[in-house]
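As structure tokens, the structure follows; a few thoughts come after it.
A short reminder: the numbers here are calculations on the coordinates, not readings from a lab. This structure is a prediction, so every number in the text was calculated from the model and none was measured. Neighbour counts are summed over all protein chains in view; Cβ atoms, including those assigned to glycine, are modelled from backbone coordinates with ideal geometry.
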Amino acid sequence: MKILVINSGSSSIKYQLLDMDTESVLVTGLVERIGEAGGVLTATTYPGTGKEKLTRLETTIPDHSTGMKLLIKQISDQQDGVIRDASEIDAVGHRVVHGGESFQQPALITDEVVDAIKANVPLAPLHNPANLDGIRVARQLFAGVPQVAVFDTAFHQSMPPSAFLYALPYELYEKDRIRRYGFHGTSHKYVAFESARILSKPLAECNLITIHLGNGCSMTAVQNGRSVETSLGMTPLEGLIMGTRCGDIDPALHAILHRSRGMDIEEIDAMLNRESGLKGVCGMNDMRDIHAARQQGDRLAKLAFDMFVHRIRKYIGAYFAVLGRVDALVFTAGIGENDREVRKAALAGLENLGIILDHEANGRRPGDWLRISAPESKVELLVVRTNEELEIARQTVEVLG
Ligand code: AMP
């Protein structure tokens, strides 16, 4: 069964074609700069096989429809493509950022589902419209092919009200659905599933703390296989310190900045999302640059690193209390998978929680996964490479039965 996974952004379409009989990736690609100057498609055919073929095509891409046609042409190209034509694609899986409370599971896309995604636009004004663009165009170009929406928020719909509500006037929840939703659900779900497999335990019996550290960062407390608490909130701003996002702050800050600096809401919102986090503290948002600067003795780079790690440790403690029993801590995404320094600092001195790191293992490069706990550690420590596209393809197959 061949599944095309689409992650449609405002000016880009990320795509992957997977053969789900073997769970192998046939093509992975990116259409960029849609509606801007310098449109470009880059793709790798048969990635990771040692027989990769690279494609790079620079052309004007005025809209998503042109972008989607371009990627269909790339995967079905006579010479370099992997299928003869688009009819070989059995289904399309779409990443959708915000499913609100409407979607606890992935959904087969119908007009009603599209309307429900539209209804959630106020909750994700940047992301859902771009996701809808991808869905609209794919439904036109793949008429008759089943399409499935997979939501970033769905995994966290199992959180209880005590975890998902803000302590605000209750009618804000009843009338405006103001509450915590959580994000990165596809990644947390994928690594939870893989961890259960590594632990040789049914997922429904696993208690895990999954730690997604990429450009965006979030942690999830997984109890008996289900998300019961997560660090991102109503929007992807709450919780951990991120590349450019602040994470937890005192909400009174808005009023203070307004009064003291005359900043308006839009300016404050932009600052908290784009000029804060690691970048706000030290001017850099890539952890590799921060390490290089720390080694040169850069004081603010060191401070940004210490703050980033401190916040993770605070949440580890909190999620131990939420879960009671923890089988494993699982690191994933760009920093979680690659950064031994962050893992080491985040886990240091937690022996009383049953956490003992194997420093030698922590220094190894992970393949699909890596165990980094010492044999005497009560809690397993894992690094699991996330794979959101595969998870979307798996969920698409599941929906189609
Ligand atoms: P992601 O959003 O999962 O693609 O993660 C992107 C982030 O991961 C980058 O901004 C970097 O901060 C971080 N990253 C990627 N590779 C490494 C690495 N080898 N060491 C440390 N951080 C890394």
### Task
Could you state, as a whole-number percent, how many of the C-alpha pairs of the chain are farther apart than 41 Å?
14 percent
### Query
Which ordering of 96, 121 is given by a fewest-first count of other beta-carbon atoms within 10 Å?
121, 96
## Note on the structure
Of the convex hull drawn through the C-alpha atoms of the stretch 192-271, the volume per residue in Å³ is 88 Å³
### Query
What spacing in nm lies between the two simple spin-label points modelled at residue 111 and residue 59, each 7 Å away from Cα in the Cβ direction?
3.3 nm
### Task
Select from 37, 328, 163 the residue whose mean-square fluctuation is largest in a Gaussian network model of the chain (Cα-Cα springs shorter than 10 Å).
37
### Message
Rounded to two decimal places and with Rh computed the Kirkwood way over Cα pairs, what is Rg over Rh for the stretch 137-293?
### Response
1.05
### Task
With N denoting the number of residues in the stretch 1-144, provide Rg(C-alpha) divided by 2.2 N^0.38 Å, to two decimal places.
1.05
### Query
What nm distance separates the two modelled labels at residue 400 and residue 143, each placed 7 Å from Cα along Cα→Cβ?
2.0 nm
### Query
How do 209, 117 rank when sorted from fewest to most other Cβ atoms within 10 Å of their own Cβ?
209, 117
### Summary
Connecting every pair of Cα atoms under 10 Å apart in the chain and solving the GNM, the largest mean-square fluctuation among 297, 35, 277 falls on 297
## Note on the structure
Expressed in Å to one decimal, the Kirkwood Rh of the stretch 221-312 from all distinct alpha-carbon pairs is 14.4 Å
### Tensor-based shape of the stretch 55-211 (alpha-carbon gyration tensor, a/c under 1.5 rounded, otherwise prolate or oblate)
oblate
### Query
If the chain between residue 266 and residue 11 were fully stretched, how many nm would it gain, using 0.36 nm times the residue separation less the Cα-Cα distance?
89.6 nm
### Quarter of Cα convex hull surface for the stretch 251-371, i.e. mean projection, nm²
9.9 nm²
### Query
Roughly how many debye, to the nearest 20, is the charge dipole of the chain about its Cα centre, given +1 on each Lys and Arg Cβ, -1 on each Asp and Glu Cβ, and no other charges?
720 debye
### Message
Which of 323, 381, 172 ends up with the largest GNM mean-square fluctuation for the chain, with Cα atoms connected below 10 Å?
### Response
172
### Query
What is the log10 of I(q)/I(0) for the stretch 347-401, computed with the Debye formula using one identical point scatterer on each Cα and no solvent, at q = 0.21, 0.27 Å⁻¹?
-0.75, -0.99
### Query
residue 109: net charge of surrounding residues, Cβ under 15 Å, Lys/Arg +1, Asp/Glu -1, itself excluded?
-2
